[in-house]
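Shown next, in C-alpha cells, is the structure this report addresses.
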C-alpha cells in the first residue's frame, strides 16, 4: 500500500470490523508517507466534499462549477496523504466521491497531488469502476500462524518458565488465534491448564469482541478471514476445532522433543537393550530405531526411573500421534522430561 501511495495513487482499503491491526497500519503508513499525513474520521452521513472543504478551508464548497477541481488545487489541501476512516453504512457517498476525486486530481503534479486512503471497515463489496490512479486493497489472509508464533514467542519471553514452556505457549496461542494477535495477547500469559483446554475461557470473552454467539461468522464482522473462523466464534459454535488447534500447537512444539527424548533414553540405557528386538514387523537390530513403547517394554523391571520416563513419553507421543491434545496433568509430568 505504501508503494502505491509513493507512486501518487489513491487507495481504498477494505478491512473487517473489529480489525486489530488498524492503528499499527495507520502508524506505519504515517511513517512512510510523503508530505503531511492527516487522519480524518467523517461524521456518519456527511457529504465528502463538504467534509473536506470544512476541514481544510474552513468554508463550505463555493457555488458555481467544479468545486472539487478547486479543492484539489487549494494550497491548504494539496501535497498530503489523507487517511479517511469511513463507517460501513456511510460508504456509498465516499465510493462515488473517490472516483470523481481520482479524475479531478489525475493531471496534478506529484508534489501537488494529495493521495487519499479511504478505509472501509466491514464493506464487503466496493463496487468501484477502474481508475488509472486508484488502487483497491482487501485485508484478507495477510496474517499467518507463523507470524503469530514469532509474535507470541516474543510476548512469552516475560514468562518465568523454561524456554520449552514458552515455546509451547507461543505455539498453542498462535495456532488457536490463527489470524488475530489479540487472542495471542490474551492466551500467552495464561496457565497450562487454560492452554490445554481454552474453549470455555475463549467463549467467556465473546463480549469483548462484540459478537453475537448465534451470528454467522463473516469476513465483514472480523469473525472470519480467508475461510479461517475466529477462535472465539469456534469456542461458542464448534469447540472441537479449538481442540484441533491446541493439538497442532502441541504437536509443533513437543513432537520433535519427544523424538529427541527417545534417542536420549535409548543412549542412556543401552546396557539394558538387548538386540535384536522382535516385533510383528520384523526384528529391530539398531537401538536408535527402538520406539518408546519398545523402550518401556525393555526397561520394565530393570530401571524403575527409566521405565517410568519411557512410559510417560510413550503415552504423550501416542496421544499426539492419534490427534489428541495432551491434558494439563500430562503436560506437567512430561515437560520436565523434554527440557534440553
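The values are calculated or read from the model by the stated rules, or taken from the named source; none is laboratory data. Here the structure is a predicted model, which means the values were calculated and not measured. All Cβ positions, even for glycine, are placed from backbone atoms using ideal geometry, and neighbour counts span all protein chains on display.
Hey, can you tell me all the residues within the stretch 114-156 that are closer than 13 Å to residue 184 by Cβ and touching a helix residue (DSSP H, G or I) at 6+ places or on another chain (Cβ under 7 Å)? Residues satisfying the conditions are 145, 148, 149, 151, 152, 153, 155, 156. Taking the conditions exactly as written (touching a strand residue (DSSP E or B) at 6+ places or on another chain (Cβ under 8 Å), under 19 Å from residue 228 (Cα atoms) and in contact (Cβ under 8 Å) with a residue 12 or more places away in the chain), does residue 182 satisfy them or not? So residue 182 does not fit the description; no. Of all the listed residues (46, 87), the sole one being within 22 Å of residue 220 (Cα to Cα) and within 36 Å of the chain's Cα centre (by Cα) is 87. Considering only residues in the stretch 157-169 that are in contact (Cβ under 8 Å) with a residue 24 or more places away in the chain and touching a helix residue (DSSP H, G or I) at 6+ places or on another chain (Cβ under 7 Å), the one that is surrounded by the fewest Cβ atoms within 10 Å (Cβ to Cβ) turns out to be 159. Residue 182: part of a helix (DSSP H, G or I) and either in the same structural domain as residue 91 (by TED's automatic domain parsing) or under 30 Å from residue 299 (Cα atoms) (or both), yes or no? It is false that residue 182 is part of a helix (DSSP H, G or I) and either in the same structural domain as residue 91 (by TED's automatic domain parsing) or under 30 Å from residue 299 (Cα atoms) (or both). Against the test of being under 22 Å from residue 4 (Cβ atoms) and at pLDDT below 90, the options 127, 87 yield a single qualifying residue, 127.
Within the stretch 68-89, the set of residues being out of contact with any strand residue (DSSP E or B) (no Cβ under 8 Å at 6 or more places or on another chain) and either part of a loop (DSSP other than H, G, I, E, B) or surrounded by fewer than 15 Cβ atoms within 10 Å (Cβ to Cβ) (or both) comprises 69, 73, 74, 75, 76, 77, 78, 89. Scanning the stretch 45-65 for residues being assigned to a loop (DSSP other than H, G, I, E, B) and more than 20 Å from residue 95 (Cα to Cα) gives a total of 8.
Residues in the stretch 2-54 that are on the phi > 0 side of the Ramachandran plot and surrounded by fewer than 16 Cβ atoms within 10 Å (Cβ to Cβ): 45 only. Taking (1) farther than 24 Å from residue 123 by Cβ; (2) at pLDDT below 90; (3) touching a helix residue (DSSP H, G or I) at 6+ places or on another chain (Cβ under 8 Å) in turn, residue 18 satisfies each apart from (1).
Which helices (runs of 4 or more DSSP H) does the stretch 187-303 wholly contain that include 3 or more residues that are out of contact with any helix residue (DSSP H, G or I) (no Cβ under 8 Å at 6 or more places or on another chain) and either at pLDDT 95 or above or more than 30 Å from residue 13 (Cα to Cα) (or both)? In the stretch 187-303, the matching helices (runs of 4 or more DSSP H) lie at 239-268.
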